Amino acid sequence: MIDTPSLVDHYCRGVLRTELGLGTFEAHLGGTGGAPAPGTTFFDTQTGFAVRRWCAPLLGLEAHCPPARYLARRRELGVLESGRRLLRASGISTYLVDTGPPGDLTSVPETAAAGMADAHEIVRLELLAEQVADTSGTVGAFLANLAEAVHGAADSAVALTSVAGLRHHASAAPEAPGPGGVRAAVGRWLDGRPPGARLTDPVLLSHLRWIAVATGRPLQIHVGAGDPLALSGFAAATEGLGTDLVLLHGCPYHRHAAYLASAFPHVYADVGPALARTGAGAASVLAEALERAPFGKLLFSSGARGLPESHVVGARIFREALEGVLGNWVRDGAWCRADARRVAGMVAAGNARRVYGLAG
Amino acid sequence: MIDTPSLVDHYCRGVLRTELGLGTFEAHLGGTGGAPAPGTTFFDTQTGFAVRRWCAPLLGLEAHCPPARYLARRRELGVLESGRRLLRASGISTYLVDTGPPGDLTSVPETAAAGMADAHEIVRLELLAEQVADTSGTVGAFLANLAEAVHGAADSAVALTSVAGLRHHASAAPEAPGPGGVRAAVGRWLDGRPPGARLTDPVLLSHLRWIAVATGRPLQIHVGAGDPLALSGFAAATEGLGTDLVLLHGCPYHRHAAYLASAFPHVYADVGPALARTGAGAASVLAEALERAPFGKLLFSSGARGLPESHVVGARIFREALEGVLGNWVRDGAWCRADARRVAGMVAAGNARRVYGLAG
Amino acid sequence: MIDTPSLVDHYCRGVLRTELGLGTFEAHLGGTGGAPAPGTTFFDTQTGFAVRRWCAPLLGLEAHCPPARYLARRRELGVLESGRRLLRASGISTYLVDTGPPGDLTSVPETAAAGMADAHEIVRLELLAEQVADTSGTVGAFLANLAEAVHGAADSAVALTSVAGLRHHASAAPEAPGPGGVRAAVGRWLDGRPPGARLTDPVLLSHLRWIAVATGRPLQIHVGAGDPLALSGFAAATEGLGTDLVLLHGCPYHRHAAYLASAFPHVYADVGPALARTGAGAASVLAEALERAPFGKLLFSSGARGLPESHVVGARIFREALEGVLGNWVRDGAWCRADARRVAGMVAAGNARRVYGLAG
């Protein structure tokens, strides 16, 4: 009834280049890096069930076939061929790819080629700052190089992304930190810092976000499982500056993210990974995001990483949930069909094209 | 299957007396006072779609007609006639109207006349305190006049309402502030205060609520988008004093408001504006409020302001959601039909009549 | 379509031995200990409606019959016979019973006999500490006796339970308190303590939990209406120690509890009482818990106490919600039937058998 156009995935990472055994595959499925509890498996999750439902048929197997059979078929095809089959059947025609740290993941052009799709780069701010710190000897040099690096990234990338999220509370401080505080924080951080050490200082994270805001590029903020209302002050302080904020993830606080998107003109909310993780329950989560967010403020992403299965599952679950929710509202008479089609196109692709300045 | 009686709207404001163009109408629809994001419109929201669904037919147009056609028809009828047609078809027979600040909104009797309904006054505490401050020269005079004004308001109004909500955290303090602290806060506030300046001091806001509690009139507290569990201490401190607390709004924390209404005998929760804002998704929100709140503790309101469309949308969405949710429960055998009808009557009107002492 | 096996109720209390009048019955139904608001009754709640739906037929009455008729029939049968009829029709074959404080509730073997079921003891940590304090003269004696009592309880009981929950914030501190701080807290608590006085000191509560963790027995934590994410630090600190944490209750934060169960291999979440309290709305709440939690991490409980009706209602609502939710997912093609049956068995009984080491 509602026909969703091909998707713009406004946040994902590349896919793994290496073959995976059952155990490694399962670890990637879990997403936490840790092992499952004794007596349990990460295949017994909504994501695990969704992979068996959506991906097995794409590799020529029946839906819901056992994990071992799926992995055997995947190895038979090889990582390259199975990745191509999966990505090309995902329904995603444009990927925005967070490129760092690369690890063993495909690059932007490799991802585009594997998926026969367009792909654009997203630059990760924390990684950029860590790389600058690795090569800057003094506080002054670091600050100058950092500003140059962020502005340079903004020239080439479609978006900047901050993964520190809400973990370091003060980093959500409304106002930009003063120059004295920033210099002191840089000094502390550089002093005796081993190369590659992660950036977790809240003052520096806040400074980094404010440089990003100054570039005018959309700034993605990973809110993770935290309450995005903690960003209300930062949203108020950045309103009217011409830079959009895009809240990533946000489940179980997706309603709060949607509310923030309704309260500030420059705040947008993501509806992908929350759905991918909730699988059969995704329609409810999507309907909740659609309660308060203006329809021009929600953007699909897969939030996928590593397994091409995660790109497929993110896209398929989103599309099915969207068509289901909007189709019900049309059937109930709450919406007319033309509106439903239009909104589906906005959330699936149009909003992302407008916000990130992609060609339509 | 379930037939809801005519509604008591236990919190709304009047309607605008002036003609509205497409832009002004859209700004009122957005509700935030600001402009929509570039490339978006407030018509592309659940509220915007609900106006086109419910109100267009009341002005002789087909449901879901384009916004421009709706506005043209509205201007053709004139603000007075379109307001009358809308309010009289809302299904609301009693309005409790928050009267301040009036701006360009209809008064209580004007609202009653336009809607051919009963209407009663709700007095806004913060405005009352600001008016008293405008005319009181000393701390002592202010405190005496304030107490007199609040008690006077309680004699004539059906409820007192506090809009400061949870924005000023200390105002949700459990205990009444001591006289010394109150006098000091009044002194600071009056000192050099320009006439009309808003009350935001948490000590004074807390003092104001405690005077209100002393009157015995129901006290409405606007919780907005904050977590009403922040009011647990205040609820515990006011239990058994004979004054009811009614939590207004509360989405996305409506489940928490419902929980608080289950935990304290004198706490009630509102189910209107959360539904009006979530439109096609309202049935889920209402079902969530009905999970934990005792059925004698939920009250309908439209939360409407300015546009008579907001009164209509609030009432129609509520009624449809209520009949849908309870109807499903009856169909599933979870409830019997007689209970469903009784509960519909309670939430729609009976609870408000009892809490506010309105004639049945 | 989905057939749930007989249930393991992994947390409940015993049933009352005394006859109840309408008023006492209603007070137990309310659960808060207080009276209902004027003009309302605790029968007008989801729990009240669920008792009339599920329990009336078990006593030979029609579903949804008036409360007075139900109570009359209950008295006619007598407390013993009605309790037996109810418990034996609940579908629960194993009860894990929190035994303290006993009040007028049936013991573990009495509960087993009344329900013709298996029953095992859960020991309540706070009560144990209070009993040790009643009989220990010095700080050193208290600490030695406490450790011995907790380890002794762990030998005989299937689980330890901490009811203090999140009420005393510091008790959710990530790290174990140091010996000096513990000794000082014990000293303050024992000093002038009247026999039977409740334990509320956050340092002692934290110490108590850490002794419990050292036993290796599953530790149940009552999160009540608080946000279980407050336990993230404690969960991180106890990961890998070999002791499971089971979060009890958790509505309206059940999604957060499910998220925590997905983030830590040793954290489990409870899905019973949230459903019992939300009655006709239970399917939505259960579906939300099933969004994020790995299916091996959710455990049924009734959370029942006092009224055997609460055991019945907890079990029947759970079973109906589970079969409804999973059945829908199978109908939609999101899950296959074999998976749904397997997951139903895990949540209903299998997970509890594995976590608590019960014979299958």
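What to note about this one:
- Given (1) without any contact (Cβ under 8 Å) to a residue 40 or more places away in the chain; (2) more than 10 Å from chain B (Cβ to nearest Cβ); (3) touching a helix residue (DSSP H, G or I) at 6+ places or on another chain (Cβ under 8 Å); (4) within 23 Å of C:ALA280 (Cβ to Cβ), number of the condition C:GLY60 does not satisfy: (4)
- Residue within the stretch C:131-140 that is acidic (Asp, Glu), in the same structural domain as C:GLY303 (by TED's automatic domain parsing) and not in a loop (DSSP other than H, G, I, E, B) present: yes
- Selection from the stretch C:6-46 of residues that are touching a residue at least 40 places away in the same chain (Cβ under 8 Å) and among the aliphatic types (A, V, I, L, M): C:LEU7, C:VAL8, C:VAL15, C:LEU16, C:LEU20, C:LEU22, C:LEU29
- Residues (within 12 Å of another protein chain (Cβ to nearest Cβ) and among the hydrophobic types (A, V, I, L, M, F, W, C)) located in the stretch A:218-234: A:ALA225, A:LEU229
- Sole exception among (1) facing another protein chain (nearest Cβ under 10 Å); (2) farther than 18 Å from B:ALA276 by Cβ for B:ARG73, by number: (1)
- With respect to the stated conditions, B:ARG331 is in the same structural domain as B:ASP98 (by TED's automatic domain parsing) and surrounded by fewer than 20 Cβ atoms within 10 Å (Cβ to Cβ).
- Hits in the stretch A:18-36 (condition: part of a helix (DSSP H, G or I) and not polar (S, T, N, Q)): A:LEU22, A:GLY23, A:PHE25, A:GLU26, A:ALA27, A:HIS28, A:LEU29, A:GLY30
- Scanning the stretch C:315-328 for residues that are under 20 Å from A:ALA50 (Cα atoms) and surrounded by fewer than 23 Cβ atoms within 10 Å (Cβ to Cβ) yields C:GLU323, C:GLY324, C:GLY327, C:ASN328.
- Yes/no for B:ALA258 being in contact with a Ser or Thr (Cβ under 8 Å, 6 or more places away or on another chain) and in the same structural domain as B:LEU307 (by TED's automatic domain parsing): no
- Considering the conditions (1) buried (at least 24 other Cβ atoms within 10 Å of the Cβ); (2) more than 18 Å from A:PRO38 (Cβ to Cβ), C:ALA261 is excluded by exactly one of them, (2).
- When the test is whether a residue is touching a residue at least 60 places away in the same chain (Cβ under 8 Å), of a type in the set (Val, Ile, Thr) and outside any strand (DSSP E or B), A:VAL312 passes it.
- Odd one out for B:ALA170 among (1) modelled with pLDDT under 90; (2) away from chain A (no Cβ under 14 Å); (3) buried (at least 18 other Cβ atoms within 10 Å of the Cβ); (4) part of a helix (DSSP H, G or I): (3)
- Considering the conditions (1) touching a residue at least 40 places away in the same chain (Cβ under 8 Å); (2) over 25 Å from B:ALA334 (Cβ atoms); (3) crowded, with 21+ Cβ neighbours inside 10 Å, C:ALA349 is excluded by exactly one of them, (2).
- Within the set B:ARG74, B:ARG52, B:ARG13, B:ARG69, the sole residue that is at negative phi, crowded, with 16+ Cβ neighbours inside 10 Å and out of contact with any helix residue (DSSP H, G or I) (no Cβ under 8 Å at 6 or more places or on another chain) turns out to be B:ARG13.
- Verdict on B:ASP3 being away from chain A (no Cβ under 14 Å), charged (D, E, K, R) and under 20 Å from A:ALA334 (Cα atoms): yes
- Listed conditions (1) free of Cβ contacts under 8 Å to residues at least 40 places away in the same chain; (2) touching a strand residue (DSSP E or B) at 6+ places or on another chain (Cβ under 9 Å) are all met by A:GLY303, apart from (1).
- Considering residues of the stretch C:26-38 that are surrounded by fewer than 20 Cβ atoms within 10 Å (Cβ to Cβ) and facing chain B (nearest Cβ under 7 Å) only, the residue nearest to C:ARG316 (Cα to Cα): C:THR32
- Selection from the stretch A:39-57 of residues that are assigned to a helix (DSSP H, G or I), of a type in the set (D, E, K, R) and at the interface with chain C (Cβ under 7 Å from one of its Cβ atoms): A:ARG53
- Number of the condition not met by C:CYS251 [criteria: (1) more than 22 Å from B:ASP332 (Cβ to Cβ); (2) at pLDDT below 95]: (1)
- Of the residues B:ALA340, B:ALA304, the single one that is surrounded by 23 or more Cβ atoms within 10 Å (Cβ to Cβ) and either over 23 Å from the mean Cα position of the chain (by Cα) or of a type in the set (S, T, N, Q) (or both) is B:ALA340.
- Residues of the stretch C:37-46 that are more than 17 Å from C:GLY279 (Cβ to Cβ) and either within 21 Å of the chain's Cα centre (by Cα) or not small (Gly, Ala, Ser) (or both): C:PRO38 alone.
- Residue match in the stretch C:265-288 (condition: of a type in the set (Phe, Trp, Tyr), surrounded by fewer than 24 Cβ atoms within 10 Å (Cβ to Cβ) and within 11 Å of chain A (Cβ to nearest Cβ)): no
- Annotation note: of C:THR238, C:THR215, C:THR243, the sole residue that is closer than 30 Å to B:LEU229 by Cα and at pLDDT 95 or above is C:THR238.
- Matching residues, the stretch A:83-122, being within 30 Å of A:GLY192 (Cα to Cα), surrounded by fewer than 23 Cβ atoms within 10 Å (Cβ to Cβ) and out of contact with any Asp or Glu (no Cβ under 6 Å at 6 or more places or on another chain): A:GLY100, A:PRO101, A:PRO102, A:GLY103, A:ASP104
- Residue count for the stretch B:66-112 satisfying the condition of being in the same structural domain as B:VAL158 (by TED's automatic domain parsing), free of Cβ contacts under 8 Å to residues at least 24 places away in the same chain and not in a helix (DSSP H, G or I): 1.
- Options C:ALA133, C:ALA129, C:ALA153; residue that is surrounded by 15 or more Cβ atoms within 10 Å (Cβ to Cβ), out of contact with any Cys (no Cβ under 7 Å at 6 or more places or on another chain) and closer than 27 Å to C:LEU307 by Cα: C:ALA153
- Residue pairs whose Cβ atoms lie under 7 Å apart, separated by 6 or more positions or on different chains, with the first residue in the stretch A:134-161 and without any contact (Cβ under 8 Å) to a residue 40 or more places away in the chain and the second assigned to a loop (DSSP other than H, G, I, E, B), are A:ASN145/A:SER136.
- Flag if C:GLU291 is surrounded by fewer than 21 Cβ atoms within 10 Å (Cβ to Cβ) and either of a type in the set (Phe, Trp, Tyr) or closer than 30 Å to A:VAL325 by Cβ (or both): no
The values are calculated or read from the model by the stated rules, or taken from the named source; none is laboratory data. This is a predicted model, so every value here is computed, not measured. A quick note on method: Cβ atoms are made from the backbone with ideal geometry, for glycine too, and the neighbour counts reach across all protein chains shown.
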